[in-house]
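The values are calculated or read from the model by the stated rules, or taken from the named source; none is laboratory data. Being a predicted model, the structure only gives us computed values, none of them experimental. Here the Cβ positions follow ideal geometry from the backbone for every residue, glycine too, while neighbour counts run over all protein chains shown.
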Amino acid sequence: MRPGILPAPVLAIVAALALAGCAAAPPAELPQRLSPAHQTLPPMKSFGPADPLPPMRSNADMARDFLELSFFMESGRPIPTLSRFEGPITLRMTGAVPPGAEEELGALLLRLRREAGISVTRLPAASGAGITVEFLPRRQMQAAVPQAACFVVPRVASWDQFRARRRSPVLDWTTVQQRETVAVFIPSDVTRQEMRDCLHEEVAQAMGPLNDLYRLHDSVFNDDNFQTVLTGFDMLMLRVFNDPALRSGMTAEQVAARLPAILARLNPAGERIAPAGPVPRSPRAWITAVETALGPGRGRAERAAAAGRALDIARQQGWRDARLAFAHFLVGRMARPADAELALAAFLEAGSIYRSLPGGEVHAAHVDMQLAAFALSAGQYQDALTLSTSAQRAAMRTQNAALLSSLQMVQAVALDRLGRPAEARTVRMDSLGWARYGFGTDDRVRNRLAEIEALAPPPAPVTASAGVINGRGPRYME
């Protein structure tokens, strides 16, 4: 869709808002007609081989991205020299290794070998390895590092070593000249998808760039969490980072001098794309506002105010990239239920920007999930069906089971309300298999299904006037 042009389903949702009230509907329990059929959920589904989108920017732009990813920490502190593993890379898993971790790690290492040209040798848990992936309970991790879902540190090989040295300069990445020992810490008691996502990003950072940049919408090196597995861009960055033309100890200037030849050799398609030009860095005030909006332990009013500040700063900066879209998305997510029209406007603007970005499909799919929820709650079932169905391709390609299952649940409710119960049952059953991967426990899966079922108003009486929405206001998903 061209930027600024609303699809027909969205126009219908906007029209429905004029008919719908602003009161939020109360949460509903799992519908009784579903509970007998789903006392035992179907087996967990899992993804097949990855099909990532290729990198879509010019090599000149990717050289700039590489330098900012590789020579700055997330805090903005500069990294004076490149550090990486020189020679063979080895890896072991230790701790309370959860079910599915072996399978996910195997798939990741296969992708790294095929797409990034990096061969990693697995070693037994008792052996010493360059990279140690240790699993431990989330509560134990966050007692030490409250803000981190998972993280990577240098010069230690266990949680005990990390705890003993956590306030020591030994763990300072900016002092590392060459990587020899790195530890990745991942919670053992999270969903399969969360565990996999941590494996992808933290193992990649253990052998590649350390920074995250909100403007990189086509990368897992981005704290907006729209991309859940390594992308084509990420694999190219890893391949460049470990290219023989580079070595540990090189400065940013030395690396910059070699990048054009490396990228031309590894990504010839990028030579044929015109550079987009300079991109200003994200000011610390914008990052702080985003982190406040996303951070735990804060009230909704504080988070909504922070999202508003992020949007104000993005507009002041004159951005038209993923950062402005994300600020709009946050405003929509943090809006109060009574501010449904504000939320809808924010989601529409975010979607318009994301659709204008090459590789922005999964971001647009997240927006469409929100719009589908609005449509469902407004009784616009055909619109909810169209939005939720069309967004599933991007969710599948980016291997986001939480998003995919939520879209299918919306699709199933819409099909039910449109008088197509057999199709609804098939889609709903499919959604539950993906939900087990994306949401984890049976209770969380059932709660998600109940939450989405509760969005739709009850079927209108036969005598109801056409166009009346039963007094329920539009809603969006958390």
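Here Gly359, Gly297, Gly318 are screened, and the one residue that is within 30 Å of Pro54 (Cβ to Cβ) and free of Cβ contacts under 8 Å to residues at least 24 places away in the same chain is Gly318. Taken over the stretch 340-359, the criterion of being within 12 Å of Phe329 (Cβ to Cβ) and either among the basic types (Lys, Arg) or within 15 Å of the chain's Cα centre (by Cα) (or both) is satisfied by Tyr354 alone.
Checking each residue in the stretch 243-289 for being acidic (Asp, Glu) and more than 24 Å from Met73 (Cβ to Cβ) picks out only Glu271.
The requirement of being closer than 28 Å to Asn222 by Cβ, buried (at least 17 other Cβ atoms within 10 Å of the Cβ) and free of Cβ contacts under 8 Å to residues at least 60 places away in the same chain is satisfied by Val152.
Out of all the residues in the stretch 439-451, is one or more among the hydroxyl-bearing types (Ser, Thr, Tyr) and in a helix (DSSP H, G or I)? The answer is no; no qualifying residue exists.
Taken as a whole, the condition of being of a type in the set (A, V, I, L, M), free of Cβ contacts under 8 Å to residues at least 24 places away in the same chain and farther than 18 Å from Gly208 by Cα applies to Ala143. Of the helices (runs of 4 or more DSSP H) entirely within the stretch 238-331, those holding at least 2 residues that are assigned by TED's automatic domain parsing to the domain that holds Ala346 and over 28 Å from Glu361 (Cβ atoms) occupy 284-294, 300-317. The set of residues in the stretch 73-106 being part of a loop (DSSP other than H, G, I, E, B), buried (at least 16 other Cβ atoms within 10 Å of the Cβ) and touching a strand residue (DSSP E or B) at 6+ places or on another chain (Cβ under 9 Å) consists of Ile79, Ser83, Arg84, Val97, Pro98.
If I go through the stretch 213-236 residue by residue, how many of them are assigned to a helix (DSSP H, G or I) and touching a Lys or Arg at 6+ places or on another chain (Cβ under 7 Å)? Qualifying residue count for the region: 0. Of the residues making up the stretch 205-258, just one is buried (at least 18 other Cβ atoms within 10 Å of the Cβ), among the hydroxyl-bearing types (Ser, Thr, Tyr) and farther than 21 Å from Ala107 by Cα, namely Tyr214. Residues of the stretch 61-103 that are small (Gly, Ala, Ser) and either under 23 Å from the mean Cα position of the chain (by Cα) or outside the structural domain of Gly117 (by TED's automatic domain parsing) (or both): Ser70, Ser75, Gly76, Gly100, Ala101. Within the stretch 126-151, the only residue that satisfies the criterion of being under 25 Å from Ala293 (Cβ atoms) and in contact with a helix residue (DSSP H, G or I) (Cβ under 6 Å, 6 or more places away or on another chain) is Cys150.
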